[in-house]
Amino acid sequence: MFENLQDRLGSILNGLTGRGALSEADVSAALREVRRALLEADVALDVVRSFTDRVREKAVGAEILKSIKPGQMVVKIVHDELIEMLGGEGVGIDLHAAAPVVVMMVGLQGSGKTTTSAKIAHRLSTREKKKVLMASLDTRRPAAQEQLRQLGAQANIDTLPVISGQSPTDIAARAVQAARLGGHDVVILDTAGRTHIDEPLMVEMADIKKRSNPHEILLVADSLTGQDAVNLARSFDERVGITGLVLTRMDGDGRGGAALSMRAVTGKPIKLIGVGEKMSELEEFHPRRIADRILGMGDIVSLVERAAENIDAEKAAAMAAKMAKGKFDLDDLADQLRQMQKMGGMGGIMGMMPGMAGMKDKMAAAGLDDKLFGRQIAIIQSMTKAERTNPDLLKHSRKKRIAAGSGTDAAAINKLLKMHRQMADMMKMMGGKGKGGMMKQMMGGLAGKMGLGGGMGGMGGGMPDLSNIDPRQLEALQKQAEAAGLGKPGGGMPGLGGMPGGLSGLGSAKLPGLGGGFPGLPGLPKKK
């Protein structure tokens with residue numbers, strides 16, 4: 001969502017960081033561009049004005065003039081003010097109340113209230129082990145109550161049985177009573193919406209609030225609607241009194257202005273963001289992480305969290321054991337490609353890696369989109385078990401059969417085999433003897449500099465077990481990464497030689513089949 005803004009701000013701030021000294025005119029010129037970029041991203045005018053005024057006030061003064069690298073100082077000030085504009089610290093759903101805690105979902109029709117209600121229920125039941133009851137108060141939209149029932153069945157969440165003819169306020173009262181009798185920790189009320197704000201809707205919301213006494217009132221807003229979402233939040237807050245916001249469709253191609261404006265305009269925290277259609281694709285909103293992504297600093301913490309959710313611990317341990325022996329067959333390659341798809345594809349991972357945001361365009365230009373993974377997995381699935389274990393069996397006639405089965409051609413199969421061959425060679429080197437293998441050395445250096453201990457699978461040291469990382473350790477991870485130079489523009493990857501520019505341009509080894517510009521690992525010799 002923030003790609004255009006990221007590109008604009010990145011180019012503006014990069015122009016500042018390369019200079020030895022900055023004048024007031026330089027800062028003013030840069031801030032004019034920042035102001036224009038934010039307005040084009042559909043951020044509210046008064047929010048933009050106060051943001052640039054605060055940055056100018058801090059940037060043009062003794063503090064900046066005495067700095068060794070004034071440009072870097074301006075980047076830091078912009079970064080800090082961006083975090084402040086987004087709300088400072090992340091705020092989750094507040095469940096500190098007597099059970100059952102009532103969460104009331106409000107918003108316009110089509111914003112995704114029903115789906116978001118189910119996502120929140122799924123999140124609370126799986127992550128916080130809460131017993132949740134969902135109730136649909138939408139008596140106007142056909143099949144709205146049936147939709148929530150089906151989502152509940154899909155996510156294994158209890159839903160309130162439907163009694164025809166009941167009013168929304170009566171359903172709300174019955175839901176709270178049923179949750180109390182059923183021993184539920186949380187009851188989620190999915191209210192009705194309209195295509196636009198009208199008086200009957202507001203009266204109904206007020207009545208439901210009075211009858212159910214909700215602890216949280218969450219406004220669900222579509223982030224693609226831009227400034228309309230900000231006006232909507234203001235109206236609901238004035239009439240009903242919301243406690244937080246949930247933004248849906250944050251994975252869309254909107255300009256991101258709603259997300260940047262809503263906290264500043266309403267004073268209410270953005271608590272959750274919807275980043276996809278799946279039940280698990282709901283994330284907490286962390287202002288620091290969003291600011292880091294917008295300024296191209298990556299988001300290591302979210303990447304680790306996503307990995308912890310998607311990586312199969314048993315498969316990871318088996319892979320580590322195979323790598324320690326230097327083995328890597330086509331089944332292993334297919335597993336790696338599937339894991340990358342689960343974690344958001346190449347683009348999603350690159351956007352979270354420090355210094356890698358600019359690589360996405362180069363990869364797209366080289367034809368490197370996420371469909372490539374699907375094609376490569378299709379090729380591997382069209383092979384027999386023996387062929388996947390021993391690719392040397394693949395002669396012309398077999399390749400012809402595989403190409404027909406996967407809808408590709410011999411050239412695509414040859415690229416995949418070449419990529420696998422080089423990756424297999426790499427795995428042999430990484431799992432080789434002497435000082436525990438190259439992989440252990442590199443991972444150990446990375447984990448050591450970031451203050452993370454523990455072993456992983458059969459590798460005997462280095463990276464921690466992602467599934468058992470303490471949440472507080474995760475929160476501290478970003479600061480540790482920044483201190484190690486990992487989260488700064490132009491900083492190197494600790495444990496990988498500290499080369500400038502994040503991961504871009506490291507080493508000369510490249511992965512064939514992934515285009516010409518994909519960076520390899522440092523220190524690996526060219527294949528002869």
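A few comments on the model shown:
- Any chance residue 63 is assigned to a helix (DSSP H, G or I), at pLDDT 80 or above and open to solvent by 40 Å² or more (accessible area, probe 1.4 Å): no
- Cross-chain or 6+ apart pairs with Cβ under 6 Å, the range 1-30 first and modelled with pLDDT of 75 or more, then part of a helix (DSSP H, G or I) and among the charged types (D, E, K, R): 12/33
- The range 204-227 residues that are more than 17 Å from residue 172 (Cα to Cα), paired with ones that are open to solvent by 70 Å² or more (accessible area, probe 1.4 Å) and outside any helix (DSSP H, G or I) (beta carbon under 6 Å, 6 or more apart): 222/249; 223/249; 224/249
- Total residues in the range 388-404 satisfying the condition of being in a helix (DSSP H, G or I) and either open to solvent by less than 80 Å² (accessible area, probe 1.4 Å) or of a type in the set (Val, Ile, Thr) (or both): the figure is 7.
- Here residue 285 meets each of (1) in contact with a helix residue (DSSP H, G or I) (Cβ under 6 Å, 6 or more places away or on another chain); (2) modelled with pLDDT of 85 or more; (3) aromatic (Phe, Trp, Tyr) with one exception, condition (1).
- Condition met for residue 126 (polar (S, T, N, Q) and either over 25 Å from residue 247 (Cβ atoms) or surrounded by 21 or more Cβ atoms within 10 Å (Cβ to Cβ) (or both)): no
- For the range 173-191, the set of residues classified as touching a residue at least 60 places away in the same chain (Cβ under 8 Å) and within 20 Å of residue 218 (Cβ to Cβ) consists of 176, 179, 184, 185, 186, 187, 188, 189, 190, 191, listed by residue number.
The values are calculated or read from the model by the stated rules, or taken from the named source; none is laboratory data. Only a predicted model underlies this, so the values are computations on that prediction, with no experimental measurement involved. Here the Cβ is made from the backbone with ideal geometry for all residues, glycine too, and neighbour counts use every protein chain on show. The accessibility values were calculated without ligands, DNA or RNA, using every heavy atom of the protein model including side chains. Shrake-Rupley method; radii C 1.70, N 1.55, O 1.52, S 1.80 Å.
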